[in-house]
Amino acid sequence: MSFLAKGWFSLGDEFARGFRWRLGGGERIRFWLDHWKGDRPFWSKYPLLFHLAEHKEELAGTVWQGTADNGEWRLKVRRISNDLQVQELAALLEVLGETSITPGQPDQLEWIDSPSRGYTVKVGYVWWSKDKPGNQEMEEQTPVLWRWRLPCKIKIFVWLVLQNRLLTKVYRAKWRPNDLTECGLCLGEPETVEHLLLTCPVANRLWAGLSTTTSNHFRFQSLPDLWEAMRSIAPSGGRTLQARFLNILIPAGLWAIWRTRNDATFRGQRVYFENIWDLALGLIQDWGRHLAGLKGVSYVGGRLRCE
Ligand SMILES: [Zn+2]
């Protein structure tokens, strides 16, 4: 039966009129279909995940496993296979945050005054950062990230990295404790965000390569190191061409590593350093030309330069 036949899309209309559930025991709220958390029902906000959900009409109370004080949201979704799905999952887990059910208390319908306006990255930032513990300083400063000239998806990705919220294997092991956690690139150390993107031998080689070809010193031991470097390079998105060029180098490196890791983890592709390097260069040239307003980025004689 199609979603339309079941009338699921009509829920969007109710949402537009300013209707929302307040979560109690989760016995009436349908986790995916009803609007109860965030600015829209989850089916509409996270369509890729909803597509993978095993029980589309599952009640919130059954997605929650455990007691009110000691439990967790256990999403029953089929195999996640690409990074867009991973991003959606990360965003959903962020939004669920510290939310838990209150057994025995009825779910209640409430009317919200003004219907929500569209979703923007800035709103997303405010909304994500609510009730979220983390590195205070980093959190206050990450808004500069939204002014950088990068694809929206990449800004969200970098933001997740800086918040240590990327869905690495170590992160996933929190709710899937039996999964293996070794790094998807070197198969050595546990795959934390810092290892995978910064200190893994494979990642290290990329940072060393980007350093020598651009006469920079990209060497990061920790996420605060990374943030410090990104912030000091071009604090407000970069006025000069050179600053805008520098702005895209680190995000391109991070994304190239992450993409390669996902291809290795989810598609079983072998990891070749040359592929990561080519991917990073391709991104730098593409973003440089289309987003950072550079005439071009050249790679000649082992030097990477912007024009
Ligand atoms: Zn590694």
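The values are calculated or read from the model by the stated rules, or taken from the named source; none is laboratory data. As the structure is a prediction and not an experimental result, all values here were calculated from the model. Quick reminder, even Gly has a Cβ in these numbers, built from the backbone with ideal geometry, and neighbours come from all protein chains shown.
Restricting attention to segment 226-257, the residues being under 18 Å from Phe157 (Cα atoms), modelled with pLDDT under 95 and among the aromatic types (Phe, Trp, Tyr) number 1. For Trp8, the conditions (1) at pLDDT 85 or above; (2) crowded, with 18+ Cβ neighbours inside 10 Å; (3) not polar (S, T, N, Q) are fulfilled apart from (1). Only one of Pro224, Pro190 is surrounded by fewer than 16 Cβ atoms within 10 Å (Cβ to Cβ) and out of contact with any Ser or Thr (no Cβ under 6 Å at 6 or more places or on another chain); which? Selected residue: Pro224, the only one of Pro224, Pro190 that is surrounded by fewer than 16 Cβ atoms within 10 Å (Cβ to Cβ) and out of contact with any Ser or Thr (no Cβ under 6 Å at 6 or more places or on another chain).
Within segment 285-304, being without any contact (Cβ under 8 Å) to a residue 60 or more places away in the chain and among the small types (Gly, Ala, Ser) holds for Gly288, Gly296, Ser298, Gly301.
Contact map, segment 180-205: first residue within 19 Å of Phe218 (Cβ to Cβ) and among the aliphatic types (A, V, I, L, M), second residue assigned to a loop (DSSP other than H, G, I, E, B) and near the ligand (Cβ under 6 Å from one of its atoms), Cβ cut-off under 6 Å, separation 6 or more or different chains; pairs are Leu185/Cys200; Leu196/Cys183; Val202/Leu185; Val202/Cys186.
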